[in-house]
Amino acid sequence: MITVRGIAKHFGGLTVLRDVNFSVAAGEIVGLIGPNGAGKSTLFNILCGIIRANSGEITFEGRRIEHLQPHRICESGLTKTSQIVRVFAGMSVVENALVGALLHARSVAQARAEGLAALKRVGLSGSEERQASDLALVDRMRLELARALCTRPRLLLVDELMAGLNAAEVSAMLELLQSLRDEGITLIVIEHNMAALMRLCDRVLALDTGSIIAQGTPEGVSRDPRVIESYLGEKFARALNS
Amino acid sequence: MRTEAPWGRRTLLAIGALALLCVPLLHLSDYTMRVATMTCVYVVAAAGWTLIGGYANQITLGQATMFGIGAYVSTMLFVHFHVSPWIGGPLGAMAAALAAAVIGLLVFRLWGAYFALVTLALAEMVRILVEYAQPITGGPQGISVPFVRNSLWLLQFPEAKDYYEIAALLVILALALARAVQSSPLGYRLRAIRDDEVAAKLAGINVFRTKMIAFMLGAVLTALAGTLYAQITGFVDPDSVLSITLSVQLALYAIIGGAQVWWGPLAGAALLVPLGQAMTGSGSGAGAGLAKIVYGLLLVAIVVIQPLGIAGFVKSLQRRKRAAPSEAIAP
Ligand SMILES: Nc1ncnc2c1ncn2[C@@H]1O[C@H](COP(=O)(O)OP(=O)(O)OP(=O)(O)O)[C@@H](O)[C@H]1O
Ligand SMILES: [Mg+2]
């Protein structure tokens, strides 16, 4: 589905990604973990074309995309939801979703219908006419997911969608993401909630010091000494301190 | 709002359009009709600004370039080649769209962060070019449109008020277009860009192309207003049709009226053009100075109280009215 080779990215003197290589097969749900500042969100932005890598190749469904504009990448079936939620604050909830659907719909009316269906899926029925900026953070994250779904992605990147959800909401979100996979959407999920990741993912990639340091089953990666040292250890330490 | 019967809203709009066309039946003074006619011209020009400046919040301070191109192209064709403004106007609009394409290519691709400043600088460049091209443009002195005869084909009438019906028709066309854009896919894409450009890209919107289309469409409207202006005043010079003052005025009409909705330029120009005319009419001295201060304070007051202009006032009133019943049952 997607193959990433030799991605490097520096911001000025700061090297965030040094040499990132991995690939994801169609139908997989892959987790992406790593300590704060490891460059996970940066990697997503590169995949979506929002920022350019300094070097490296990205092949999506057999086609090189690293030089494409974001809207072209989205058209070809790859988009993401953002860690820092991005909704169109001046629009109503349904209009937000509708904008995503305009990519394929032939009319605003059709896009609206698709938008309503997507809102129902993410659990935002009843809020359609509310102003997007009036929604709680969790609902704005759901709305961004609905908008992304409306563009009909085949590969969806999800950046910390479960932050701030309670246990029941996490379960509902996991179910939703699994149902997306059942429909044929491949997922890469950035998530700090390890328990949720264990339940959701077929495979986990661990990113640290600019490259993928470990990958495999969730259990395998969580036992990997390098991962424990760089990431999980830090998390345990934080858990102990709090 | 969507629950309202759509024909009800349409009927209301049709009545409004008809009322606009019927203003001459009121037998207002020549002066008032002249002001009404000029107001129509500026409504159309500001509507052109709204498409890009309001809908997409890409604040251009060079819209006078489009107005000037419309005015100069039709006037030069008329003076040098006796081409009717009915042909010169659309040609001017095409020239303005072309200019918008070139300017858009520069600002949307290269210098997006400085959009307002770059459009202002480019507009000044156009003005200087026109002043240098004296043999064909008349240079800083401008060109007069010689009065040939009273003729619809030549778009020439003895008095400004005689242009009213045509100006009102152009207003109706321009606002119909602005309204259609607002509820079209293009309108939604522009709003998305206004709210969050990165999110718009992630939703698959071609941000560059969307801005270009709106900028060029707006250029066409403003240029047509420029042609009409030249015919009404019978005189075109860089100061009146290519100045920074005009660019700022057009932006102001749209912003004060509410640049995010199609009728904002109508509300803004209908308020500010007559006020401005009254001020220039009030001569010099303390009275005129006071009038200008009041005008300035009014602008500041509107923008401070309601940044979304008159349309913003109306919207918040509507929202309050809708919210009222639920407030009544709240403890
Ligand atoms: N536009 C930018 N300019 C400069 N530095 C940046 C930019 N974007 C990110 N960085 C830096 O790059 C590093 C990686 O950031 P990134 O957001 O990708 O991390 P992350 O793995 O997503 O972390 P988190 O788990 O906290 O979300 C950080 O040090 C960040 O400060
Ligand atoms: Mg991040």
Report, by residue number, each residue of the stretch B:257-281 that is over 19 Å from B:Leu177 (Cβ atoms), over 12 Å from the mean Cα position of the chain (by Cα) and crowded, with 18+ Cβ neighbours inside 10 Å.
B:Leu271, B:Leu272, B:Gly276
Does B:Leu217 satisfy the criteria of being surrounded by fewer than 24 Cβ atoms within 10 Å (Cβ to Cβ), more than 14 Å from every other protein chain (Cβ to nearest Cβ) and in a helix (DSSP H, G or I)?
yes
Selection count, the stretch A:43-70, where residues are within 14 Å of chain B (Cβ to nearest Cβ) and within 27 Å of A:Leu197 (Cα to Cα):
8
Criterion first (within 24 Å of A:Arg106 (Cβ to Cβ), among the aliphatic types (A, V, I, L, M) and open to solvent by less than 10 Å² (accessible area, probe 1.4 Å)) does B:Leu190 satisfy it?
yes
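Filter the stretch A:102-119 for residues that are assigned to a helix (DSSP H, G or I) and more than 7 Å from chain B (Cβ to nearest Cβ) and give the result. It would help to see each step written out before you state the result.
Going residue by residue through the stretch A:102-119, those that are assigned to a helix (DSSP H, G or I) are A:108-119.
If the condition is that a residue be assigned to a helix (DSSP H, G or I) and more than 7 Å from chain B (Cβ to nearest Cβ), then A:Ala109, A:Gln110, A:Ala111, A:Arg112, A:Ala113, A:Glu114, A:Gly115, A:Leu116, A:Ala117, A:Ala118, A:Leu119 are the ones that fit.
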Given the conditions (1) away from ligand 2 (no atom under 16 Å from the Cβ); (2) of a type in the set (A, V, I, L, M, F, W, C); (3) within 11 Å of chain B (Cβ to nearest Cβ), and given that A:Ile84 satisfies all but one, which numbered condition is not satisfied?
(1)
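Every residue, every condition in (1) modelled with pLDDT of 95 or more; (2) surrounded by fewer than 18 Cβ atoms within 10 Å (Cβ to Cβ); (3) more than 20 Å from A:Met1 (Cβ to Cβ), yes or no:
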site	(1), (2), (3)
A:Cys150	yes, no, yes
A:Ala196	no, no, yes
A:Arg199	no, yes, yes
A:Asp202	no, yes, no
A:Glu219	no, yes, yes
A:Gly233	no, yes, yes
A:Phe236	no, yes, yes
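Would you be able to tell me the number of residues in the stretch A:182-193 that are away from ligand 2 (no atom under 16 Å from the Cβ) and either in a helix (DSSP H, G or I) or modelled with pLDDT of 95 or more (or both)? Break it down stepwise before answering.
In the first step, residues of the stretch A:182-193 are kept if they are away from ligand 2 (no atom under 16 Å from the Cβ); the result is A:182-187.
If we keep only those that are either in a helix (DSSP H, G or I) or modelled with pLDDT of 95 or more (or both) too, we end up with A:182, A:185-187.
Count: 4.
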Helices (runs of 4 or more DSSP H) completely within the stretch A:1-101 that count 3 or more residues being closer than 29 Å to A:Pro218 by Cα, within 16 Å of ligand 1 (Cβ to nearest atom) and open to solvent by less than 10 Å² (accessible area, probe 1.4 Å):
A:40-48
With A:Leu124, A:Leu155 as the choices, which residue is within 21 Å of A:Arg181 (Cβ to Cβ), within 18 Å of the chain's Cα centre (by Cα) and crowded, with 17+ Cβ neighbours inside 10 Å?
A:Leu155
Candidate set: the stretch A:164-181, residues that are in contact with a helix residue (DSSP H, G or I) (Cβ under 8 Å, 6 or more places away or on another chain) and not in a helix (DSSP H, G or I); chosen: the one nearest to ligand 1 (Cβ to nearest atom):
A:Gly164
Selection status of A:Arg147, closer than 14 Å to A:Ser82 by Cα, in a helix (DSSP H, G or I), basic (Lys, Arg) and in contact (Cβ under 8 Å) with a residue 60 or more places away in the chain:
yes
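The values are calculated or read from the model by the stated rules, or taken from the named source; none is laboratory data. Given the structure is predicted, the values throughout are model-derived calculations rather than measurements. Note that we place each Cβ from the backbone using ideal geometry, even for glycine, and neighbour counts take in every protein chain shown. For accessibility, only protein heavy atoms count, side chains too; no ligands or nucleic acids. Shrake-Rupley method; radii C 1.70, N 1.55, O 1.52, S 1.80 Å.
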